[in-house]
Amino acid sequence: MSNAAILKIGEKEISLPIIEGTADEKAVNIGALRKETGFISYDDGFGNTGSCQSDITFIDGDKGILRYRGIPIEQLAEQSSFLETAYLIIYGDLPTAAQYQDFSNRIRNNAMIDERMHLIFEGYPSDAHPMAMLSAMMNSLGCYDPHLATNNRAQDLANFDEAAAFAISKVRTVAAASYRMSRGLPINYPKRQLRYAENFLHMMFSYPYDDYEPIPEVVNALNLMLLLHADHEQNCSTSTVRMVGSGGANLFASISSGITALWGPLHGGANMAVIEMLEEIHADGDDGSRFIEDAKSGKSGKRLMGFGHRVYKNFDPRAKIIGAACDDLLNKLGISDPCLDIARKLEQEALADEYFVERKLYPNVDFYSGIMMRAIGIPVNMFTVMFAIGRMPGWLANWKEVASNPKTRISRPRQIYQGHVLRDYVPVEERG
Ligand code: ACO
């Protein structure tokens, strides 16, 4: 295959270089298009636009493949832990025993947040959404350790290891604190002797006088859930982190914007929307069939939440893993959740329905993650927060990739203007 694409616009013919990825993905580099022809490319929602070249995560949506740094998600889910996978995503290779020790010690030793941040929590109303608090607090972390958030790329990169450990560790503490405040409960301090997931569960659920007793099945399920969310190439929130980072913003500012982007119901907020949908179906006495008909007709803007994906057009490998793990957890805990039965029925019906088959709509990771989180005891308004804790390694790795590439240009798309071309200003008295 030639390493150039020929584009003809009117009489003008130009040659555009082809970029090939290590897994045979191909792109036409249209960087010279405007200069050569006066045209720009247009791609609504960036569905067909590569915004970067990255070494971190590979997805083949047609084949249902997801690999972090080349390692299949199935192998990591089976054999690795969230923290080990976080190291892999951030640093590029699985850690040696010594590297892992060092990494996990840094995370263990940085779980506390500055005491003055508790005062900020107290200022929020008790029904403040934990995603709003999480985003604001993660950005605020930089205020308490300004040497980690200088907006000077060289300095921020030099302190990256410390900042990354802060982010991974403290995001748990902030998340748990926002939950405790919303319940009017005292904030629990992290405990150094506890491992990552257990420490989070302790901060969430230990009451002042009795400690949360970790249930191994719950700890494992939480670890798996975080691992499955750890990165997902150029999704809405990760692209946001990269875009903000491309302007030179520090790590904490960049991940805070990623959290905000994640909040939307079409992205990370879908896990909340799925449970709300399943509960609504249950309360309506529907077995899911009526809802499917509504979703197909687009009635009242309904969609089958947890179904469909911009990239996966065959199956979402994370959904397969989490669906099985969800069944397993509920069995082990002896929980019978009517929402799981409805979810299974919806999945069965939708997978056999022409509307969903034609549009290649399959369950995504959010379809079952909510049921799993509910079994763990996580309240619905914390679901997207859990996603954010899981996605932290991916955001960190992507920020680092942007910041450490000397060729990074500021992300600045163009547009096709469709507004008034030129109008005169009219003084208010004449406007009526
Ligand atoms: N239920 C019913 N119909 C759907 C659904 C759905 N969940 N998803 C897509 N469709 C239909 C659309 O109406 C459209 O139909 P049309 O061609 O007749 O107009 C067609 O499928 C294509 O849909 P788009 O919205 O163009 O697909 P896009 O790639 O832009 O959106 C998205 C992907 C946002 C994930 C979408 O499938 C969706 O809204 N799903 C539900 C929300 C969800 O689960 N989000 C989580 C995604 S995974 C994640 O972020 C972790």
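The values are calculated or read from the model by the stated rules, or taken from the named source; none is laboratory data. Just so it is clear, the structure is predicted and the values come from calculations on it, not from any experiment. Glycine gets a Cβ as well: all are built from the backbone with ideal geometry, and neighbour counts include every protein chain shown. Side chains included, ligands, DNA and RNA excluded: accessible areas come from the protein's heavy atoms. Shrake-Rupley method; radii C 1.70, N 1.55, O 1.52, S 1.80 Å.
Tabulated values for the structure
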{"quantity": "Filter result (at pLDDT 95 or above and open to solvent by less than 90 Å² (accessible area, probe 1.4 Å)) within region 10-22", "calculated": "I14, S15, L16, P17, I18, I19, G21"}
{"quantity": "Total residues in region 356-376, condition open to solvent by 60 Å² or more (accessible area, probe 1.4 Å) and assigned to a helix (DSSP H, G or I)", "calculated": "3"}
{"quantity": "Top-ranked residue in region 195-214 [being modelled with pLDDT of 95 or more and part of a loop (DSSP other than H, G, I, E, B); ranked as surrounded by the fewest Cβ atoms within 10 Å (Cβ to Cβ)]", "calculated": "R195"}
{"quantity": "Criterion violated by D286 - all others in (1) within 14 Å of the ligand (Cβ to nearest atom); (2) part of a loop (DSSP other than H, G, I, E, B) satisfied", "calculated": "(1)"}
{"quantity": "Selection count where residues are in contact with a Ser or Thr (Cβ under 8 Å, 6 or more places away or on another chain) and either small (G, A, S) or more than 16 Å from the ligand (Cβ to nearest atom) (or both), scope region 214-236", "calculated": "2"}
{"quantity": "Unique match (being more than 27 Å from S178 (Cα to Cα) and buried (at least 21 other Cβ atoms within 10 Å of the Cβ)) among L88, L134", "calculated": "L88"}
{"quantity": "Pick from region 49-87, criterion among the β-branched types (V, I, T) and part of a loop (DSSP other than H, G, I, E, B), ranking: farthest from the chain's Cα centre (by Cα)", "calculated": "T49"}
{"quantity": "Any chance F383 is surrounded by 15 or more Cβ atoms within 10 Å (Cβ to Cβ), over 22 Å from T260 (Cβ atoms) and within 12 Å of the ligand (Cβ to nearest atom)", "calculated": "no"}
{"quantity": "Residue count for region 298-348, restricted to those that are outside any loop (DSSP other than H, G, I, E, B), basic (K, R) and either within 11 Å of the ligand (Cβ to nearest atom) or over 19 Å from the mean Cα position of the chain (by Cα) (or both)", "calculated": "5"}
{"quantity": "Region 176-194 residues that are over 21 Å from A388 (Cα atoms) and part of a loop (DSSP other than H, G, I, E, B), paired with ones that are open to solvent by 40 Å² or more (accessible area, probe 1.4 Å) and small (G, A, S) (beta carbon under 7 Å, 6 or more apart)", "calculated": "G184/S126"}
{"quantity": "Neighbours by Cβ (under 6 Å, 6+ apart or cross-chain): first from region 74-90, hydroxyl-bearing (S, T, Y); second outside any helix (DSSP H, G or I)", "calculated": "T85/A230; Y87/P95"}
{"quantity": "Inter-residue pairs, beta-carbon under 8 Å, first on the phi < 0 side of the Ramachandran plot and in region 355-370, second more than 8 Å from the ligand (Cβ to nearest atom) and among the acidic types (D, E), 6+ apart", "calculated": "P363/E347; F367/E347"}
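Let's see how each residue does on (1) more than 24 Å from M386 (Cβ to Cβ); (2) touching a residue at least 60 places away in the same chain (Cβ under 8 Å); (3) open to solvent by 40 Å² or more (accessible area, probe 1.4 Å); (4) in contact with a Pro (Cβ under 9 Å, 6 or more places away or on another chain):
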site	(1), (2), (3), (4)
H229	no, yes, no, no
E233	no, yes, yes, no
S237	no, yes, no, no
S246	yes, yes, no, no
F252	no, yes, no, no
W263	no, yes, yes, no
V274	no, yes, no, no
F291	yes, no, no, no
